[in-house]
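Report on the following structure.
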Amino acid sequence: MQHRGVLLLTLLALLALTSAVAKKKDKVKGGPGSECAEWTWGPCTPSSKDCGVGFREGTCGAQTQRIRCRLPCNWKKEFGADCKYKFDSWGACDGGTGTKARQGTLKKARYNAQCQETIRVTKPCTPKTKAKAKAKKGKAKD
């Protein structure tokens, strides 16, 4: 009987501890215990250089929070890291400009980012490598 009492007391203490930890997490995250529901988040600002780990500031009324974020090093600065697009395939090379282009349609805007619905990106045409040209010549002779 004494073992049951100790076990029951231990179980109650563990339950109280997990409940206190859960309430603390709610306050940090701005969850159900928080007064604010409409957070406005700014862009992710890297701690050093122009990519990597950084912080994003959010405001809701008089409350301000900073959360960690990560900015990929290959992100496209023209349309921002918080705007996610679905891109078409690259088009043919334009001989006049020496570039090829493709269009992207907005898939997701993270952290209330202001994103364009469609964007157009370009990149230089890649010159054909000599190895590929030789392979094509070898097949033509056969």
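The values are calculated or read from the model by the stated rules, or taken from the named source; none is laboratory data. What you see is a predicted model; the values in this text were computed from it and never measured. Note that we place each Cβ from the backbone using ideal geometry, even for glycine, and neighbour counts take in every protein chain shown. These accessible areas exclude ligands, DNA and RNA; they are computed on the full protein's heavy atoms, side chains included. Shrake-Rupley method; radii C 1.70, N 1.55, O 1.52, S 1.80 Å.
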Net charge over other residues, Cβ less than 10 angstrom from the Cβ of ALA101 (K, R count +1; D, E count -1): +2
Calculate what fraction, in whole %, of the accessible area of region 80-127 sits on carbon and sulfur atoms when a 1.4 Å probe is rolled over the protein chains. 46 percent
Work out how much length GLU35 to GLN63 would gain on full extension: take 0.36 nm times their residue separation and subtract the Cα-Cα distance, in nm to one decimal. 9.1 nm
For region 80-127, averaging the sequence separation of alpha carbon pairs under 8 Å that lie six or more residues apart and dividing by its residue count, the contact order in percent is 39 percent
Report the net charge of residues surrounding CYS69, where surrounding means a beta-carbon distance below 11 angstrom and charges are Lys +1, Arg +1, Asp -1, Glu -1. +3
How would you classify region 80-127 from its alpha-carbon gyration tensor, with a ≥ b ≥ c the square roots of the eigenvalues: rounded for a/c under 1.5, else prolate if a/b is greater than b/c, otherwise oblate? prolate
Residues with beta-carbon under 9 Å from that of THR45, excluding THR45: net charge, scoring Lys, Arg +1 and Asp, Glu -1? 0
Quick one: length gained pulling THR126 to THR105 fully straight, 0.36 nm per residue minus the C-alpha distance? 5.1 nm
